[in-house]
Structures are given as structure tokens and as C-alpha cells.
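Written out below as C-alpha cells is the structure these notes cover.
The values are calculated or read from the model by the stated rules, or taken from the named source; none is laboratory data. No experiment lies behind these values; they were computed from the predicted model shown. Here Cβ is always computed from backbone atoms with ideal geometry, including for glycine, and neighbour counts include all displayed protein chains.
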Amino acid sequence: MSRKLLIAIAAGGSAALMLGALGFQYIGAMPPCKLCYFQRYGHILAIGAGVLALVWRPKLPLVLLGALGAMSSSVIGMYHAGVEQKWWEGPTTCTSSSIAGLTPEELLAQIQAAPLVRCDEIPWEMFGISMAGWNALVSLGLFLVWVMAARKA
């Protein structure tokens with residue numbers, strides 16, 4: 001495969017993931033959490049790098065930038081999936097803290113300060129893997145496609 005074709009596949013994959021995320025958000029009425037937004041930034045970077053690489057000659061720095069975008073989305077997706085599975089604690093701005101020992105007033109204050117979309121809840125899953133998990137896996141695959149493009153002479 002040519003470098004341009006690999007770049008088109010990798011950038012197109014990121015575009016497809018972004019369209020899927022936007023579809024879940026606007027058609028499926030599943031608003032994203034803070035970590036979901038962070039995962040999107042890597043795809044936006046990969047799409048931009050891919051478009052620039054296809055419009056101009058596909059120079060190595062643009063290919064590496066696309067690889068960085070895909071890898072960053074994969075790493076954030078892995079972290080997010082771990083937060084959803086309660087393997088580790090997520091950011092306090094989008095997860096629930098312990099309610100043990102709270103007074104009713106403190107509990108009410110915590111509920112009122114809670115974000116609308118929590119990072120530690122799984123809104124959708126397929127085959128036991130959440131959206132964040134799928135994003136991590138597919139983004140890792142896209143990173144490998146970017147690496148193949150970088151290795152092309």
C-alpha cells in the first residue's frame with residue numbers, strides 16, 4: 001500500500017470514529033463526559049494531519065502528528081475505560097466520591113455539584129466493551145496504520 005492510501009485509511013478511521021461519537025451524542029441522545037471530549041481531540045489532530053498530508057506531499061512530520069493524535073486518543077480511551085470499570089479513580093470533576101459519613105446537607109451539596117454526565121458510568125457497550133474501550137482499541141489500530149505510513153519510503 002502506498003503512504004497516501006495508509007494516511008487516507010488512518011485519517012478516515014478517525015473521521016469515522018468522530019462521526020460515530022457525534023451520532024451517539026446528537027442522534028442517540030448520549031451526551032459526552034469530560035473524558036469523552038478529551039478522546040476526540042486526538043482524532044481531530046489525526047484528521048487535520050491526514051488532510052494536510054494528502055493535500056501536500058505526505059511528509060513525515062505530518063504522519064507522526066497523525067500517529068500522535070491516534071495514540072493519544074487510545075491512551076485516554078484506555079484510562080477512561082478503566083475509570084468506567086472502577087479499576088482506578090477518575091477525575092474528581094466527573095466521577096462520584098464516597099458518600100460515607102456525609103451529613104444530609106453535605107450529601108445534597110455533592111449531588112447538586114455533580115456534573116450532568118459522569119465519567120465513571122458506562123452509557124453504552126457492545127460485547128462487554130464500552131465506547132471508551134472500543135475507541136481505545138480502534139485508535140490503537142489507527143496508530144499502527146499511521147506507523148506503517150511513516151515507515152513507507
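Quick notes on this structure:
- Residue list for region 76-98, restricted to those being touching a residue at least 40 places away in the same chain (Cβ under 8 Å) and in a helix (DSSP H, G or I): ILE76, GLY77, MET78, TYR79, HIS80, ALA81, VAL83, GLU84
- Residues of region 54-73 satisfying the condition of being surrounded by 22 or more Cβ atoms within 10 Å (Cβ to Cβ), touching a residue at least 60 places away in the same chain (Cβ under 8 Å) and part of a helix (DSSP H, G or I): VAL63, GLY66, ALA67, ALA70, SER73
- Condition met for LEU52 (in contact with a helix residue (DSSP H, G or I) (Cβ under 9 Å, 6 or more places away or on another chain), of a type in the set (A, V, I, L, M) and more than 26 Å from VAL117 (Cα to Cα)): yes
- Identity of the residue in region 22-52, part of a helix (DSSP H, G or I), aliphatic (A, V, I, L, M) and free of Cβ contacts under 8 Å to residues at least 60 places away in the same chain, that ends up farthest from GLU84 (Cα to Cα): LEU52
- Residue within region 120-141 that is among the aliphatic types (A, V, I, L, M), farther than 16 Å from SER72 by Cβ, at pLDDT below 85 and not in a loop (DSSP other than H, G, I, E, B) present: no
- Considering only residues in region 1-38 that are in contact with a helix residue (DSSP H, G or I) (Cβ under 7 Å, 6 or more places away or on another chain) and of a type in the set (Val, Ile, Thr), the one that is surrounded by the fewest Cβ atoms within 10 Å (Cβ to Cβ) turns out to be ILE9.
- Qualifying positions in region 39-53 - surrounded by 16 or more Cβ atoms within 10 Å (Cβ to Cβ) and among the β-branched types (Val, Ile, Thr): ILE47, VAL51
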